[in-house]
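In what follows, a structure is listed as structure tokens, so that the remarks can point back to it.
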Amino acid sequence: MKWYKVDRLPDRSQPFIKKIRIDGHSLCLINYEGELFALSARCPHAGEDLSRGWCADGKLVCPVHRFSYDLENGRGSTGQGDYVNTYAVTTEGEDVFVGFETFMEKVKKMFSS
Ligand code: FES
């Protein structure tokens, strides 16, 4: 796993959806009910910026057609048949890091399941 530190974090005592850019990827860093999540910021339905959406019932809701994606695993809600990528998040004190699987980790995962 390759870890990237997130700069300029909002106040973590409040809920937020912050768009961040890491290694060429646009992500939503989300503080929801005291937990941090990182999901792809591009809605797979029609490409809307999911950082403009909101969270409800453990899901990130797209502001355009209201498709929603599970914060834990990125799965689209029933009937959507889609998903967004999710990323590992960890903290060290006040610092927040988002993890990307390396190419070899992805290959190993493909062949181990
Ligand atoms: S663009 Fe996100 S639900 Fe349609």
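Can you name the residue in segment 35-47 that is open to solvent by less than 40 Å² (accessible area, probe 1.4 Å) and in contact with a strand residue (DSSP E or B) (Cβ under 9 Å, 6 or more places away or on another chain) and, of all such residues, is farthest from GLY76 (Cα to Cα)?
Ranking the qualifying residues of segment 35-47, first place goes to LEU36.
Among TYR87, TYR32, TYR83, which is the only one that is under 10 Å from the mean Cα position of the chain (by Cα) and surrounded by 14 or more Cβ atoms within 10 Å (Cβ to Cβ)?
Of TYR87, TYR32, TYR83, the one residue that is under 10 Å from the mean Cα position of the chain (by Cα) and surrounded by 14 or more Cβ atoms within 10 Å (Cβ to Cβ) is TYR87.
TYR69 fails exactly one of the following numbered conditions: (1) in contact (Cβ under 8 Å) with a residue 12 or more places away in the chain; (2) open to solvent by 40 Å² or more (accessible area, probe 1.4 Å); (3) within 16 Å of the ligand (Cβ to nearest atom). What is the number of that condition?
Every condition holds for TYR69 apart from (2).
Search segment 90-113 for residues being more than 28 Å from ALA46 (Cα to Cα) and of a type in the set (Phe, Trp, Tyr), and hand back the single one that is surrounded by the most Cβ atoms within 10 Å (Cβ to Cβ).
The selected residue is PHE97.
Residue by residue through segment 31-58, note down the ones that are within 16 Å of the ligand (Cβ to nearest atom) and assigned to a strand (DSSP E or B).
Within segment 31-58, LEU39, SER40, ARG42, ASP49, TRP54, CYS55, ALA56 qualify.
The values are calculated or read from the model by the stated rules, or taken from the named source; none is laboratory data. If you're wondering where the values come from, they're calculated on a predicted model, not measured in any experiment. Cβ: placed from backbone, ideal geometry, glycine included. Neighbour counts: every protein chain shown. Please note that ligands, DNA and RNA were not included when accessible areas were found on the heavy atoms of the full protein model with its side chains. Shrake-Rupley method; radii C 1.70, N 1.55, O 1.52, S 1.80 Å.
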